[in-house]
Amino acid sequence: MFPQLFHIGRFGLPTYGFLVSLGVLVGLWISVRNSEKQGIDPERAWNLGILVVLAGIIGAKILYILVDWNFYVNHPREIFSVSTLRAGGVFSGGLLAALVCAAWYMRKHHLPALATSDAFAPGLALGHAIGRVGCFAAGCCWGRPTHAFWGVTFTNPLANELVGTPLGRALEPTQLFESAVELANFFVLTWLLKRKKFDGQVIGAYLFLYGVARFFL
């Protein structure tokens with residue numbers, strides 16, 4: 001829909017990058033707030049959140065390169081090209097790197113893993129909800145073709161050029177569906193965090209709710 005938020009001369013601010021960054025900042029702020037309420041050192045929570053974000057970005061990018069290794073081994077300069085840097089990366093690589101770094105940090109600083117994960121769960125859901133709006137704006141992560149009234153037709157050539165978005169066809173706006181689900185998850189998890197009966201209950205609920213949503217979307 002709106003791959004570029006605005007232009008100043010040759011500089012253009014990608015809508016996707018802006019909204020993902022906003023989602024990260026909002027998610028971190030919520031997570032640190034919740035951590036403090038749960039008796040967790042807010043400074044440690046900030047450090048953990050920043051570490052996880054950086055690890056996720058680097059891990060996603062590394063796996064992105066490894067998946068297309070035959071290309072990059074023959075064109076090593078492309079590893080640092082603008083197109084590679086602008087590519088989002090592979091989610092599973094980012095998730096694995098983030099989990100490993102989070103486990104290492106929590107163990108090193110003696111943070112209660114389940115209680116800390118509970119505190120971060122609502123912020124994770126809200127950050128994801130904001131980021132998915134960025135996906136919609138960029139035209140990526142589109143759904144299947146549809147004739148339903150809610151179908152969205154992308155027409156911006158830049159979306160097709162950057163992420164291969166099909167133009168001129170009505171598609172399921174799965175990005176917005178997932179954003180709505182994650183926003184609902186945020187409210188549910190925030191409510192549950194105040195009433196949890198054991199550590200791990202909130203992050204467990206998040207994994208279950210998100211897993212069910214992904215199955216249907």
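Numerical summary
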| item | result |
| --- | --- |
| Tally, over the range 122-160, of residues that are closer than 18 Å to P14 by Cβ and aromatic (F, W, Y) | 3 |
| Test: residue in the range 95-109 that is modelled with pLDDT of 80 or more and outside any helix (DSSP H, G or I) | yes |
| Of all residues making up the range 146-167, the number that are surrounded by fewer than 18 Cβ atoms within 10 Å (Cβ to Cβ) and aromatic (F, W, Y) | 2 |
| Failed item in (1) among the small types (G, A, S); (2) modelled with pLDDT of 95 or more; (3) farther than 21 Å from W29 by Cα, with G211 passing the rest | (2) |
| Any hit, the range 122-145, residues being touching a Phe, Trp or Tyr at 6+ places or on another chain (Cβ under 8 Å), surrounded by fewer than 16 Cβ atoms within 10 Å (Cβ to Cβ) and farther than 30 Å from R195 by Cα | no |
| Any pair with Cβ under 9 angstrom, 6 or more apart, that starts in the range 191-203 at a residue that is assigned by TED's automatic domain parsing to the domain that holds S117 and ends at one that is surrounded by 12 or more Cβ atoms within 10 Å (Cβ to Cβ) and in a loop (DSSP other than H, G, I, E, B) | L193/Q38; D199/P112; V202/K196 |
| Residue match in the range 168-176 (condition: over 23 Å from V20 (Cβ atoms), surrounded by fewer than 18 Cβ atoms within 10 Å (Cβ to Cβ), without any contact (Cβ under 8 Å) to a residue 60 or more places away in the chain and out of contact with any strand residue (DSSP E or B) (no Cβ under 6 Å at 6 or more places or on another chain)) | yes |
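Condition check ((1) polar (S, T, N, Q); (2) over 19 Å from G93 (Cβ atoms); (3) in contact with a Gly (Cβ under 8 Å, 6 or more places away or on another chain)) across all residues:
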| residue | (1), (2), (3) |
| --- | --- |
| E36 | no, yes, no |
| A45 | no, yes, no |
| L54 | no, no, no |
| K61 | no, no, yes |
| N70 | yes, no, no |
| V73 | no, no, no |
| R77 | no, yes, no |
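The values are calculated or read from the model by the stated rules, or taken from the named source; none is laboratory data. Every value quoted in this text rests on a predicted model; they were computed, and no experiment measured them. All Cβ positions, glycine included, derive from the backbone under ideal geometry; neighbour counts span all protein chains shown.
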